[in-house]
Amino acid sequence: MESARFVDLDTWADAVFGCPVETIHAWRNVMVEKNIVLDNVVSNAVTKFMNAGEFGKHEDELYAPFCEMANRVLQKAHEIIPDLPAYPVPDLRFCRNAPVYIGACSQGDASRSPDIVLVSETTLRDLKSRKKYTKTKGQKYPTTGIDWSDLFSIWEMKSFNAWNLKDYMARLRLDWDTKLTRRRSEAHASTSDDLYRGPDPAQMYRVVGPLSEPGPEDNPLKRDYPDFNSADNTRPPKRLRMLPPESVPLVLETEGEFLASKKLPVPEAYEDQMATYALEMLSSTHGTRLHFFQCLVMGDIVEFWYSDASGIVRSHQISWIREFEKFAALLVAMACCDHSRFGMVIPNLSPPAEDFNPSLPPASLTGYSTTMKHPTLGIDVKVTLGREIFTQYSLIGRKTCVYDAATEPPISDEPLVIKMSLQSVCRTPEQDLLALAEGFPVSEHLPKVYMWTDRATEWRLSDGVRGRMFKRNDEDKEYEERCQRFIIFKKYKQLETVLSPQNMDHVFNQLLDCLHDLHRQLHMLHRDVSLSNLMYEMRDGLVWLILNDFDLAVVIKKDGPPRGSTGRHRTGTLPFMAVDLIEDPTMPHYLRHDLESVFFVALWCTVKLPSGGKYGKIRSKSLMAWEQDGLDIILKTKREFYSGGDGFTNIVPTLIPTTPEFSPYESWLAEFWEVLHSGYQARKAYRKEVGRIQRMRRRCRTTDEAELDLKFDAETYDGNITYTKIKAALELCKEALVEDVPDFVP
C-alpha cells in the first residue's frame, strides 16, 4: 500500500472508464436537469440507506438499498440521456454478495467475501447449472458458485462510523432533503445557470452548540465530519437548531467546496481488505485480467481504486449523496466500459471462435491462440493454449501465467508450455540469458526454449490506462514500464510432486552445483530461488533438477561491482528471500543470497511436504508468518531465527518441527544453518566493532572522516558463507542419511 498513488477523480475516470471529463459533466447536467433524484426508486433507496446508516452498526443493511439505487440509475440513464450508447454488457447488475464466499482462490486456504459485486445477469442465471453451494473446512458460509473470473467489479461497503454520528446523519439528511426541495421547485423552471449551483445560501439550519469555542477560521461543519481515527466514543453530539432565515450566514459549503475541504481518512484495515480483493482478482482469474477496478464506500464517501501489475492508483473521494448527479454519471461511465476497459482483453491473444460469449468475462485462457515466428525455420506458428498450469499469486509483479501449448505446425514431439508475463523493460530478457548458457555444462539444468516473442511494439503498460492517467500528472511516473512476453518451453514437472527423503539430498546438491556453476561459468545470479521455480525430469531413473524462471536473473561484469535490483520492487519470493534483501532491497545481490534461499526452500519442504509431495498442514507458525504476513513480520521472524545461539537442533522441536518423513534431515539442516549462522554472527561482530569505533571518535570529538581501518568481505561475510563450506557441511551428514533413510539416493 505504500506504493499506491492518488489522482483526482476526473483524471481517474477519464483514464479507467475512457470517458472524458466533458462527457461526465454533460451527463451530470442532464441528471440535474431531468431531476433524477426525484425518481421514486432512487429517492426511496437513498432514504433507506441513510436510515440504515444512522445506527452505525448494521453494515449489511446498506447493501440492498445501494444496489437498488445503482441499478435504477443505470436503467434510468437510457431514458433521460440523449444518444447514450447501449451498454457493451447489457445486463450488468449490482448484487449483494456478503456473507457468502466467492469461489476458490489461488491460495487454497484463502476465503473472501466482498459485500457487493458487479456481475452479468447471464452469470446469475447460469449458477443454477453450476455446483450451487460448496463449503470448505473452516468456512463459516458456503460459496454461491460465482467465481472470481465472473466479476466485473467489487464494491466494498462500510457503515457510517463516528462519535458524532447522529449529528452527521442529521446534517446529511438536511443536505439531501434540501436537494430534493430545490429540485422539486426547479422542476418547471430550470436554467443552465442552476446546473452547478450548490445548496441554497438561505439555509434555515446550521450546527450550533460547539464542543469548544471555534477559532476565527474554524467552520463548525468541518469538525463534525466522521473521524475513524478517534477513539473517543463518549462525547455528546452537537445539536441541530432551526434559525430564522435572515440570521443564517452561509455556513453550508457548496458541493465543490465540500470535496476540496474534506478527505476522510481510510483505516489501514480497509486498505488491506481492498488490496486483498485486487490480489484475488488479478491472481485467481487464471490470467484473464490485465487490470481491475473497484470501489470503497464509507457511508456517503466513495473512493475508486485501480490495480494492475505496477500497483494501485486511488482516486480522490466524493460524497455520492451530496454530489449524487455526478456519482450517477460515473456509474453510467462505468457501465459504458467494454471488456478491454474492465481489463478482460489480453493483448495479442485471440479468443476461441466456438462457444465464445462476448458479454461474459472469460473463465480462463484455454482455447485462446497467438502467432509466433520460429527463430530458426522463419515460419509463423500458431500456438493454442490448453490447460492452465500456474498463475502467479501477487498484486505487483510480472503476472506470470503458464498454460499447456499446442503448435500448428508441430515444432516438437515433446510436451510444450507457453509462459506469458508482463516483464520490466529495464531487465535482460529471459531467453537472452538462457542463450548465454548454451555450450556450458550448466545448461543441462536449465529449461529448453523453442520460441519466444516480446510484444513491446504492439503493447506496453504505458499504452493503456497508465499512460492516459499520468499524461495529465507528469510529476507522478513512479510505475514500472512493462511489456508483454511469450516463451515456448519444454514441459517439466514441479519438483514438489516427487521430492522425498530418498532424493532430497541428491536434488539439493544439484541445485547448489547449478547456482555455483552459473556464477563461475557465466557470472550469472538467478535471484529468485523458490520452490515453484524448481522443476524436474527423469534421467536414467533419477530425478534431474531443472532450475526455472530466469526473469530476475542478471549477468555481473567480471571486473564490475555487484548488481542490485534494477526494478522498483523487491527481487525474489518473500518466504525464501535472504534476510539482507528483506532489510535492504537495493543492496547488491551476491551468490550467498541465492545459497541462503536454497536453505529456506529445503527447510520449507521438510516442514510442509510429507512423502508423496502433497501439501500437508502448516506445522510452523513461523513459516506461516513467512508466507502470509507483511515484510516487518517476515523480517522479525527470520532475524530471530538467526539470532539464536543454542544451535539449530534446539530450535527445530519448538519453532519449526519437520514432518516425520523428513525428520532424518534435521541434522542436515542444522549443518546448513551453522554455515549461515556463522556468517551473520560475523556481520554482527563487525557492526558492533564499527559502532564502538564511531563512539570513540565522538567522545574524542575528532573530525577525522577517514574510513574505518576494518576489512569485511560483504560477498561471503568474511568467508563464512560460501559454496565450498556448505557442500562440505552437507557431506558430513550423508553417512547418517544412508543409515536412517531407506533407499537413499547418494
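The values are calculated or read from the model by the stated rules, or taken from the named source; none is laboratory data. Everything quoted here is computed from the prediction, not taken from an experiment. Neighbour counts are summed over all protein chains in view; Cβ atoms, including those assigned to glycine, are modelled from backbone coordinates with ideal geometry.
Using the structure shown, decide if ASP147 is under 25 Å from the mean Cα position of the chain (by Cα), surrounded by 19 or more Cβ atoms within 10 Å (Cβ to Cβ), at pLDDT 50 or above and more than 29 Å from ILE301 (Cβ to Cβ). Spell out how you get there, then give the answer.
Details: under 25 Å from the mean Cα position of the chain (by Cα): yes; surrounded by 19 or more Cβ atoms within 10 Å (Cβ to Cβ): yes; at pLDDT 50 or above: yes; more than 29 Å from ILE301 (Cβ to Cβ): yes.
Considered against the rule, which asks whether it is under 25 Å from the mean Cα position of the chain (by Cα), surrounded by 19 or more Cβ atoms within 10 Å (Cβ to Cβ), at pLDDT 50 or above and more than 29 Å from ILE301 (Cβ to Cβ), ASP147 comes out as yes.
Report whether or not ALA406 is touching a strand residue (DSSP E or B) at 6+ places or on another chain (Cβ under 6 Å), small (Gly, Ala, Ser) and modelled with pLDDT of 95 or more.
yes
Using the structure shown, decide if LEU534 is at pLDDT 95 or above, under 19 Å from ALA714 (Cβ atoms) and surrounded by 22 or more Cβ atoms within 10 Å (Cβ to Cβ).
So LEU534 does not fit the description; no.
Please give the number of the condition TRP668 fails out of (1) out of contact with any Asp or Glu (no Cβ under 8 Å at 6 or more places or on another chain); (2) closer than 26 Å to ASP594 by Cβ; (3) modelled with pLDDT of 85 or more.
Here TRP668 meets the rest and fails (1).
I need a count of the residues in the range 79-99 that are closer than 22 Å to ILE321 by Cα and assigned to a loop (DSSP other than H, G, I, E, B).
Going through the range 79-99 one residue at a time, the tally reaches 1.
Collect the residues in the range 12-28 that are buried (at least 21 other Cβ atoms within 10 Å of the Cβ) and not basic (Lys, Arg), keeping them in residue-number order.
Across the range 12-28, the qualifying residues are TRP12, ALA13, ASP14, ALA15, VAL16, PHE17, CYS19, TRP27.
Being at pLDDT below 90, farther than 30 Å from SER315 by Cβ, surrounded by 15 or more Cβ atoms within 10 Å (Cβ to Cβ) and not aliphatic (A, V, I, L, M) is true for just one of ARG427, ARG460. Which residue is that?
Step by step, each of ARG427, ARG460 is checked, and only ARG427 is at pLDDT below 90, farther than 30 Å from SER315 by Cβ, surrounded by 15 or more Cβ atoms within 10 Å (Cβ to Cβ) and not aliphatic (A, V, I, L, M).
Just to be sure before I move on: is HIS589 in a loop (DSSP other than H, G, I, E, B) and modelled with pLDDT of 90 or more in the structure I sent?
Taking the combined requirement at face value, the residue satisfies it.
When the residues of the range 716-731 are narrowed to those that are out of contact with any Lys or Arg (no Cβ under 7 Å at 6 or more places or on another chain) and of a type in the set (A, V, I, L, M, F, W, C), which ends up surrounded by the fewest Cβ atoms within 10 Å (Cβ to Cβ)?
Looking at the filtered set, the residue picked out is ALA728.
Among all residue pairs at least 6 apart or on different chains, which show Cβ distances below 9 Å where the first residue, located in the range 690-712, is loosely packed, with under 10 Cβ neighbours inside 10 Å and the second is acidic (Asp, Glu) and modelled with pLDDT of 80 or more?
Once the first residue is loosely packed, with under 10 Cβ neighbours inside 10 Å and sits in the range 690-712, its partners that are acidic (Asp, Glu) and modelled with pLDDT of 80 or more give LEU710/GLU689; LYS711/ASP718.
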